[in-house]
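In what follows, a structure is listed as structure tokens, so that the remarks can point back to it.
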Amino acid sequence: MTTDNFTPIAEIPGTQQPASHEFLRAMPKAELHLHIDGALSPQLMFDLAARNKILLPYQDVAEIEKAYQFSDLQSFLDLYYQGAGVLQTEQDFYDLTWDYCEHCRADNILHTEISFDPQTHTERGIDFDIVIKGTLRALDDAKAEWGLSYALMLNMLRHLSAEKAMQTLQQALPWRDRICSIGLDSSELDHPPVKFEKVFAKAKEYGFKLVAHAGEEGPPEYIWQALNILKVDRIDHGVRADEDPALLDYLVKQQIALTVCPLSNVRLCVYEHMQQHNIMTLLEKGIKVTVNSDDPTYFGGYLNDNFVALAEAFELTQAQALRLAFNSFDASFISDSEKHLFFKKLADFATQFNAQTD
Ligand code: ADE
Ligand code: ZN
């Protein structure tokens, strides 16, 4: 059974009623764009700094929160890499990931595809294996405890060289069966996807799925490069695609998914207000957009907070919310049979929710 000739979304009983907060919270969903270092809460940052005897440039949690005012992507990345410095041991990576898994449970995220940036840590002397072992152990515990489904994605830092990315790819090979994809993140401007052509070609040879941040701050040309040169399966962000009608047509025809992060885009000043965000327009055009939190502790919200922000800005209907949740499973890297189990859960939820509230 493939998703191409099967349209279960048509069978999901969405209505034109507004999607209430309770509807959005209880709705089964997947998250496909989440940087695990971006889920480091100010409290955990303090706890880990104390545990590892690291001096932070903040007196308390309130001071950290006050510092989280960003003017663009780079102003955020500077604080994000500084914050990640408190992560030292396998247990630290476990605690960070476990914290995020608990939020998955609260937000009814049934499947998550989280990304980690090993170079953020290997560049400061932390072993690749320490990072991945702590991260996977937490994900495995969440899977055992309440059945969280997950995939682990490895992102290369694009402000570093292609040679360093190639070395990181080699370090990942012993973990080949635990890592589903190779991606590209960090400072987008001046680091076009083409810089990583050889790395992505090699990653494809090894059988990894491929993704790349493109069109977050960078031009539509970077999205074309990610698709045509890196041959990615999915685009992270991609909101600037709306400046290029031929690109929009291509995304619709090829059903290339965009993992959009609404609160992130507003906090990083891609849009001044949520009402200006283009996600609902892209959805109406038939692009497979999904909702994601990106770096929840830095941008003021986890996945449900992103749905709630959309509901408030655009008066989201149940049908629209269900379409976004459907897309999140559909655009994931799980098998078609697994997808159909999640589609069924989504359909059952919609039926039961309205039956209970009628
Ligand atoms: N790394 C963490 N968050 C990111 C984002 N929004 N864009 C690029 N790189 C990132
Ligand atoms: Zn991102």
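The values are calculated or read from the model by the stated rules, or taken from the named source; none is laboratory data. Here the structure is a predicted model, which means the values were calculated and not measured. We place every Cβ from the backbone using ideal geometry, glycine too, and count neighbours over all the protein chains shown. Just so you know, the surface numbers come from the protein's heavy atoms only, side chains and all, with ligands and any DNA or RNA stripped out. Shrake-Rupley method; radii C 1.70, N 1.55, O 1.52, S 1.80 Å.
So here's what we get for this one:
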item	result
Subset of segment 161-188 [farther than 30 Å from ASN108 by Cβ, away from ligand 2 (no atom under 16 Å from the Cβ) and part of a loop (DSSP other than H, G, I, E, B)]	SER161
Segment 154-179 - residue that is among the small types (Gly, Ala, Ser) and out of contact with any strand residue (DSSP E or B) (no Cβ under 7 Å at 6 or more places or on another chain) and, of those, least open to solvent (accessible area, probe 1.4 Å)	ALA162
Yes/no for SER337 being of a type in the set (Gly, Ala, Ser), more than 23 Å from GLY218 (Cβ to Cβ) and open to solvent by 30 Å² or more (accessible area, probe 1.4 Å)	yes
Matching residues, segment 107-140, being outside any strand (DSSP E or B) and either open to solvent by 60 Å² or more (accessible area, probe 1.4 Å) or of a type in the set (Phe, Trp, Tyr) (or both)	GLU123, ARG124, GLY125, ASP127, PHE128, ASP129, LYS133, ARG137
Subset of segment 242-267 (residues that are within 16 Å of ligand 1 (Cβ to nearest atom) and surrounded by fewer than 24 Cβ atoms within 10 Å (Cβ to Cβ))	ASN265, VAL266, ARG267
Residues located in segment 56-71, provided they are loosely packed, with under 13 Cβ neighbours inside 10 Å and either at pLDDT 95 or above or under 27 Å from the mean Cα position of the chain (by Cα) (or both)	ALA62, GLU63, LYS66, GLN69, SER71
Yes/no for ALA309 being of a type outside the set (S, T, N, Q), crowded, with 18+ Cβ neighbours inside 10 Å, without any contact (Cβ under 8 Å) to a residue 60 or more places away in the chain and under 25 Å from SER264 (Cβ atoms)	yes
Within segment 268-279, considering residues that are within 16 Å of ligand 2 (Cβ to nearest atom) and more than 28 Å from ILE334 (Cβ to Cβ), the one least open to solvent (accessible area, probe 1.4 Å)	LEU268
